[in-house]
Amino acid sequence: MNADRAPEARAPLVIIGCGNLNRCDDGVGVRVVQQLRARWGAQPPADVRLFDAGTAGMEVMFQARGAGALVIVDACRSGSEAGAVFRLPGSEIDQAHHPSYSLHDFRWDHAIYAGRRIFGADFPTDLTVFLVEAQALDLGTELTPPVQAAVDKVCEQIDQQVRQWCTATTTTAAA
């Protein structure tokens, strides 16, 4: 816990959606964040922050700093069936970035690696990543039907995770 944080304050659960809304299914992470915002309305669960990172990998590192837990949602291309949802523990996600002259290729997995090294104890170790198999990455703003269905599944899973996290942190804070 951050030393300058009030003892009764809890570190937030941060949910970050990644992707490019102009590349069809690549925008799935952003669509999940949008749907969660619509689902929760003006009152998201206490101590939960939603963030649309778009394609800004570096921003993931700064938004995750100080979080008690982190959830990241993005598209993937693994050769699986379109719309397949993969839930990975954070221990499997950690990739060093090999610097170039540009940060445009600095992805969220690089941000996790860098954030753990730069921020140390102020960077979440409780990390869950949802990857959704993309069908189309062409120019366009609509998700394909299987990926849209996956958005609903991921939102449901995150909703359950949020309820568990809120219950666990409330119980811990009361103890």
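The values are calculated or read from the model by the stated rules, or taken from the named source; none is laboratory data. Just so it is clear, the model here is predicted, and its values are computed rather than measured. A quick note on method: Cβ atoms are made from the backbone with ideal geometry, for glycine too, and the neighbour counts reach across all protein chains shown. Surface accessibility is based on the protein's heavy atoms, side chains included, excluding ligands, DNA and RNA. Shrake-Rupley method; radii C 1.70, N 1.55, O 1.52, S 1.80 Å.
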**Message:** I'd like the full set of residues that are in contact (Cβ under 8 Å) with a residue 24 or more places away in the chain, assigned to a helix (DSSP H, G or I) and charged (D, E, K, R), limited to the stretch 22-58.
**Reply:** Asp25, Asp26, Arg31, Arg39
**Request:** Within the stretch 138-163, count every residue that is under 14 Å from Val30 (Cβ atoms), open to solvent by 20 Å² or more (accessible area, probe 1.4 Å) and hydrophobic (A, V, I, L, M, F, W, C).
**Result:** 1
**Complete:** Going through the stretch 30-49 in order, the residues found to be under 27 Å from Thr141 (Cβ atoms) and surrounded by 19 or more Cβ atoms within 10 Å (Cβ to Cβ) are Val30, Arg31, Val32, Val33, Leu36
**Asked** Within the stretch 138-151, can one find any residue that is assigned to a loop (DSSP other than H, G, I, E, B) and free of Cβ contacts under 8 Å to residues at least 40 places away in the same chain?
**Response** no
**Prompt:** Considering Ala75, Ala82, which residue is at pLDDT 95 or above, assigned to a loop (DSSP other than H, G, I, E, B) and either surrounded by 16 or more Cβ atoms within 10 Å (Cβ to Cβ) or within 14 Å of the chain's Cα centre (by Cα) (or both)?
**Reply:** Ala82
